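> The structure follows.
Derivation of every value follows stated rules applied to the coordinates shown; laboratory data play no part. Quick caveat: nothing in here was measured; it's all calculated off a predicted structure. Glycine also receives a Cβ, built like all others from the backbone with ideal geometry; neighbour counts cover every protein chain displayed.
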Amino acid sequence: MRIPPVSFFILWAVILLMVRPALLRAEGPQQEDERVRRIIEKVVKAYEGREALNKVKSIYAKGRIAAFAFGEEGTYVHYFERGRRLRVDIDYPNSSEHRILNGTKGYEGGSEVTGDRYLAMVYQYKQLDLLYGLLHSDYRVTYKGRGKVDGKEAEVLGLIDKEGPSMKIYIDTKTFYIVKVSGDFSMGGGTMALSAVFSEFRKVDGIYLPYRITNFAGGERIAETHIREYKVNTPMAQSLFGPR
């Protein structure tokens, strides 16, 4: 039977619609890898480039923290040293938090911790070491589309490595700073997203660092830290990273 011309074009369009998704899937991974590569290049450039980032070995930060969950304000200090060493000291008028990560060991208040509490420390270390991790391909990175952070457009990348929760990072489409990090943790038989939003970036010793960090749990704002002082590559005694 001879197919009328109009019907022929309709049939051809249907065939194309059926075949095209398969073609897109075949090309997808290569296109995604290229998109991810371009985004990471722009992020590295925004933070003053590969050479500047490779020079960063340690970061000291001091400031104030407001804990909205229990209505207290206190002091915040962290010592970060590349090689999985991190110490965070938070002191409120009526309580305190002291967390230490040293390689494969984690401590809270002088006691060793394991499981999700240890992985939470690793996650906090990774937040501070994200740029180096991206620069040196420590993660398997996938493109997750676009999102918004504080009303601003952001590119979203998914990060997976051999340890801890998968993460998402949100990159401002104008500045290419990392403005949000989010990870899913097991809690109470379910999962909860713990995230940090970074803002008020300023240049410190050749790189850009955030002076305001807002923390969320399950979408609820729980704390905000205002950094008053940074020191990059300041010497750190190894005793800082032992149990208190």
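> Let's see if you can work this out: charge +1 on each Lys and Arg Cβ, -1 on each Asp and Glu Cβ, no other charges. What is the dipole magnitude of the chain about its Cα centre, in debye to the nearest 20?
So the magnitude is around 660 debye.
> Quick check on packing: order 117-127, 208-218, 46-56 by the mean number of other C-beta atoms within 10 Å, highest mean leading.
My ranking of the peptides, most packed first, is 117-127, 208-218, 46-56.
> Now for a separate question. 5 Å is the cut-off here: which amide hydrogens, built 1.01 Å from N in the peptide plane, fall below it relative to residue 72, excluding neighbours closer than 5 in sequence?
Excluding prolines and chain starts, which carry no amide H, the hits are 67.
> Moving on to the next point. Compute the angle between helix 5-46 and the longest alpha-carbon principal axis of the chain, please, reported from 0 to 90 degrees and rounded to the nearest 10.
20
> With an 8 Å Cα cut-off and a minimum separation of 6 or more residues, compute the relative contact order for the chain in percent.
19
> Here is a follow-up. Identify, among 122, 154, 232, the residue whose Cα sits farthest towards the positive end of the charge dipole of the chain, taking +1 on the Cβ of Lys and Arg and -1 on the Cβ of Asp and Glu, with the dipole about the Cα centre.
It is 154.
> Name the residue farthest towards the positive end of the dipole of the chain from the options 131, 167, 181, assuming +1 on Cβ of Lys and Arg, -1 on Cβ of Asp and Glu, about the Cα centre.
131
> Helix 115-128 sits at what angle to the longest principal axis of the chain, using alpha carbons and giving 0 to 90 degrees rounded to 10?
Roughly 80 degrees, rounded to the nearest 10.
> OK, next. Just check the range 74-113 against the gyration tensor rule for me: Cα atoms, a ≥ b ≥ c as the square roots of the eigenvalues, rounded for a/c under 1.5, and otherwise prolate or oblate depending on whether a/b exceeds b/c.
oblate
> Among the listed pairs 55/174; 162/231; 105/203; 42/180; 55/231, give every one whose C-alpha distance is greater than 22 Å.
55/174; 162/231; 105/203, as the Cα separations exceed 22 Å there.
> List the chymotrypsin sites (Phe, Trp or Tyr not before Pro) within the range 55-109 that fall in a DSSP loop (any state other than H, G, I, E or B) and whose Cβ has at most 16 other Cβ atoms within 10 Å.
68, 70
> Ok, one more. Please give the calculated 222 nm ellipticity per residue for the chain, where each DSSP H segment of at least 4 residues contributes -39500 (n - 2.57) and the sum is spread over every residue; nearest 500 deg cm²/dmol?
So the helix-based figure for the chain works out to -9500 deg cm²/dmol.
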